[in-house]
1. Scan region 182-193 for residues that are assigned to a helix (DSSP H, G or I), in contact (Cβ under 8 Å) with a residue 24 or more places away in the chain and out of contact with any Leu (no Cβ under 7 Å at 6 or more places or on another chain) and jot them down.
2. Scan region 58-87 residue by residue and report those that are assigned to a strand (DSSP E or B), among the hydrophobic types (A, V, I, L, M, F, W, C) and at pLDDT below 80.
3. How about region 35-51: which of its residues are under 12 Å from residue 10 (Cβ atoms), in a strand (DSSP E or B) and aromatic (Phe, Trp, Tyr)?
4. Here is a list: 46, 39, 24. Which entry is over 29 Å from the mean Cα position of the chain (by Cα) and surrounded by 11 or more Cβ atoms within 10 Å (Cβ to Cβ)?
Amino acid sequence: MKPMESARQIFLRTQLNDIFATLESGGLKSYLADLQWIEWDEYPNEGVKCYLSFDGQEFYFALVPYGPSANPRKWYLRLYPKGDVSVDLSDMSWLAVLKALAKWSDEVSQQLRAPDLWSLESIHDQTIGFISGHVDQHSFEPFTAEEKVQIRRALSEADRKIREEFRPSHGEADYIRERLDYLAMAIDRLNRFDWKGVLWETGITIAVELALDSVGVGILFGLIKASFTQILRLRS
């Protein structure tokens, strides 16, 4: 959302541009359209609060100028969360505000990109778990030559499906290909049980790289499952 009119009365246009550029470079580019600008109720008609709600969490920064209206103004800034608490900073120059916002946006970006590992267990059972079954005397055997061929084909299919669904950047696509290539090579040295553990871990690292939310993670592992449905069920 664009800054509301009261924000435009408090900030110079160049300062609003500074905020935009700082948040964008701090990893929040994908979330800028979701930012909500409201009046800071603690400082009516003077302060502005900008917040982002995501997956039941709220992140915000709030700013109010004080002192003479002529530049250079001093600023009072509140950041939440900073670590795991809110932090109030006062008597700040505009440059100091931007530096604090840069650190905050990087921290928030990491929070937003982190997958919900607690929710992944059910996803595991519905997706990767379909090739697991129970652990028995075959669990620690190597793959057969036929299975290796089929697994490599399935990984190539997974790569194609992931690219089509998520449209990764060039760098992200290279990372995905690198991780799947590693899986393809690992079947020559890992037994069935260990390899399937690496398959699960690889899916998580790809989810983190693509900054997927819980819905996106479910879609990702669903694509991996779909890529394996045409091959032999892998014995545990």
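1. Once the filter is applied, which keeps residues that are assigned to a helix (DSSP H, G or I), in contact (Cβ under 8 Å) with a residue 24 or more places away in the chain and out of contact with any Leu (no Cβ under 7 Å at 6 or more places or on another chain), region 182-193 yields only 193.
2. Correct list: 85 only.
3. 37 - this is the single residue of region 35-51 that is under 12 Å from residue 10 (Cβ atoms), in a strand (DSSP E or B) and aromatic (Phe, Trp, Tyr).
4. 46
The values are calculated or read from the model by the stated rules, or taken from the named source; none is laboratory data. Keep in mind that what you see is a predicted model, and the values were worked out from it rather than measured. All Cβ positions, glycine included, derive from the backbone under ideal geometry; neighbour counts span all protein chains shown.
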